[in-house]
1. For A:GLN368, enumerate residues with amide H under 5 Å from its amide H, sequence gap 5+ or separate chain, H modeled in the peptide plane.
2. Rounding to the nearest 20 debye, state how big the charge dipole of chain A is about its Cα centre with +1 on each Lys and Arg Cβ and -1 on each Asp and Glu Cβ.
3. Around A:LEU517, under 9 Å between beta carbons, what's the net of Lys plus Arg minus Asp minus Glu among the other residues?
4. What list of ³J(HN,Hα) values in whole Hz, one per residue of the range A:53-69 in order, does the Karplus curve 6.51 cos²θ - 1.76 cosθ + 1.60 (θ = phi - 60°) give from phi, with Gly and Pro shown as x?
5. Which shape class applies to the range A:407-498: rounded if a/c is under 1.5, otherwise prolate when a/b exceeds b/c and oblate if not, where a ≥ b ≥ c are the square roots of the Cα gyration tensor eigenvalues?
6. Rounded to the nearest 5, what % of DSSP beta bridges with both residues in the range A:392-525 are antiparallel?
7. Between A:ARG177 and A:ASN334, what is the label-to-label distance in nm when each label sits 7 Å out along the Cα-to-Cβ direction?
8. Just for the range A:222-358, what percent of DSSP beta bridges are antiparallel, to the closest 5?
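Derivation of every value follows stated rules applied to the coordinates shown; laboratory data play no part. Bear in mind that the values here come from a model prediction, so they are computed numbers and not experimental data. Here Cβ is always computed from backbone atoms with ideal geometry, including for glycine, and neighbour counts include all displayed protein chains.
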Amino acid sequence: MEPKENAINPDFLKPYSPQDNEKNLYKKWEESGYFNPDVCIERGITASDAETFSIVLPPPNVTGVLHMGHAAMLAVEDLLVRYHRMLGKRTLWIPGTDSAAIATQSKVEGEIYKKEKKTRHDIGRDELLKRVGEFAEASKDTIISQTKSMGSSLDWSRYAYTLDETRYKAVMEAFMRMYDAGLIYRGERIVNWDPKGQTTISDDEIVHEERKEKFYYLKYGPFTIGTSRPETKFGDKYVVMHPDDARYKEYEHGQTLELEWINGPITATVIKDEAIDMEFGTGVMTITPWHDATDFEIAGRHNLDKEQVIDERGILLPIAGEFAGQHIKKARENILEKLRSKGLLEKEEDYTHNVSTAERTGEVIEPQIKAQWFIAVNKKVEFPDGRVMTLKERMREAVEGEEIKIAPDRFNKTYYHWIDNLRDWNISRQIWFGHRVPAWFTGNEVKVQIESPGEGWEQDPDTLDTWFSSGLWTFSTLGWPEETADFKTYHPTTVLETGYDILFFWVARMILMSTFLVGEVPFKNVYLHGMVRDGKGQKMSKSKGNIIDPLDMIEKYGADATRLSLVVGAAPGNDVPLSEDKIRGYKHFANKLWNISRFVLTNTEGKKDIDKSLLSPRDQEILDGFYTVAKEVGDDIEKFGLYLAADKAYHYVWDELAAKILEESKPILNGDDSEAKQARQQVLIECLIGSLKLLHPFMPFVTEAVWQRLPEDMKDTEFLMVAKWPTKN
RNA sequence: GCGCGAUUAGCUCAGUGGUAGAGCGCUUCAUUGACAUUGAAGAGGUCGGAAGUUCAAUCCUUCCAUCGCGCACCA
């Protein structure tokens, strides 16, 4: 028997199977080369002078595994990229991974200690770096293949890693330029020390945690001082009060007093400073400038002595006398005991206050005075356009002047607020895995340069904050500082899409780096997605056992269903509740589309040009209806109303096309009026092809799977992913 | 303390200055007909509270309450 010319592909006789299609399709897409805009131009799919659309992928941790947050990010970015590619734009989405310096190093250190009972200091810097590097290299394939399983149309030929050669050059260039401009400086300042992580961290890596502790009132000569940390008070020899405080007006600034303190008699000096809150406690305090930022500033204003009391591990130094060598966590009770016995402890109260902890380790931050590298945010410098202003001013201007638009715009305020509170950024870290600070020491001399100045010079052992190199990401991935074609073509990028939780860490730092180093904003739009939560709006966490694993969901329901569930209902900046039911619902939708396709294909006989004279008013109405929806979906995407676009496309296809149009077409298709039948067949084909295109950015696999099984005469391109977005001609 | 957001159906959330919507869940009916189903119908809400602006407020303004989230050097 001769096969019928338009015989339907037998795959349509079964329900749609994501498992049987997704991997193969991704492979075909990759082999086609169309993820790379150069190939699209070469093959005549994209015009070489087409408008560009570019996104850099927020690089996931190289040693990480894909979680729902990544999945949401990939769904949104791929949606944007596929839509704009279909519009004919020169579209580039650059993949990469991040070394995640502290996280990766501590993971490897942990494993080494477990297996070999050795610390990083036992095995040395070179050996540790070798092992961390090997670990990162070995695990990168995991996150990359998981990223691909979402259908992400990333141009893998441009893959970047934060520690590779090109990025190293960019980081060094950035450091040198900022140093030469006087923006980077080394300073002896009070910094946030994480005793567990054994490194300094930036202000943004601190989490304030509310704790219930005791507040102690201590007798300090004629005064009563309040403190929550008696174990830091050994060296306190300045007593501070507000200059306007009438209660203490008999005391003069600079006056000295002899008094009995924890370890014996001392000489205290009275200091008057407006930083004191008269309402708080007794309105008098003593200061510990080495371990408290406020005290450090007061000491700076009056040129007072500073003395270290606690070492880097949290152990009391000899200044603590008999308590020296004790860990601060254990010493407090002992010290209180002594204060009591000496009659210095007047009373204690319950007290709730915020403690600074390190985001990563959870350890309580111990401020320390240390020599570190900083970026000056309040210093006037010359920008590439010749203007002289501070980094802060330029960062603010970028958003105020709408060079960058943030969606949703309520985050503008958050961004300004952050900038206004921003202090100089500590960029050096006492860890080994990362870009090493290009500075060299010999004796008291310091030289800042990339290569060693010669014999006898030791390189600074510190590495740079991971956000320093991440801040360069939009242009370091494009080959900067070389004036590459990619850099010239694709920078500034069109959209930066990321979670609102790293607005400060990353988005703001990119703006800082790009405006100064490149002289332009890193991106024109910021799209902030929310956090993915469980079906009840709870945070997903291991301890709650409510984690939904995207890899499981892809396996069970397909990447398309997983993607759609993360886009529908996800307004920018709002958290997304996600349940397995929701994902299952969109799997049904993928199957629905599959069946719509089967129905149309079995009830039509190939594509012909539509003979407009045969169209009934209803036929025309159906076509108009489709193109109206296509226009609205496109408009919503451009306005970043992605959740609206997805919902609209979904409802059109299910409630309009399937439920109404197909149903009402059945009698026509089975009827005797052959002209009416022919017209309706062409209308259905047009709606089917249009709907596949409309849904492709949201669910690329099932739409492409159908496309690949369409008769050749229905398709204008081999791959749906490079077909033209439907517009009314 | 300052700021932001939320408060709408049993649950999760859209939404608009003109007598309320979706998904899931629930109830009933039809159907093996493109559909490991689908279609139709239905129950269920004084749209957090109060005042104001308006012909008209769930939507705008003010105040309050509750929840969530940022930011913050109160020792």
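1. Those qualifying (amide H under 5 Å, at least 5 residues apart or on another chain) are A:VAL191, A:TRP193.
2. Numbers: 94 positive and 120 negative charges, 238 e Å.
Computed about the Cα centre, the dipole is about 1140 debye.
3. On the way: positive: A:ARG177; negative: A:GLU173.
Around A:LEU517, the charge tally is 0.
4. Working through the residues one at a time gives 9, 9, 9, 9, 6, x, x, x, 4, 4, 9, x, 10, 5, 10, 4, x Hz.
5. Numbers: a/c = 3.18, a/b = 1.57, b/c = 2.03.
Oblate.
6. Working: 9 of 12 bridges.
Restricted to the range A:392-525, the bridges split so that about 75 percent are antiparallel.
7. Here the modelled spin labels are 5.4 nm apart.
8. On the way: 11 of 15 bridges.
Here the share of antiparallel DSSP bridges comes out near 75 percent.
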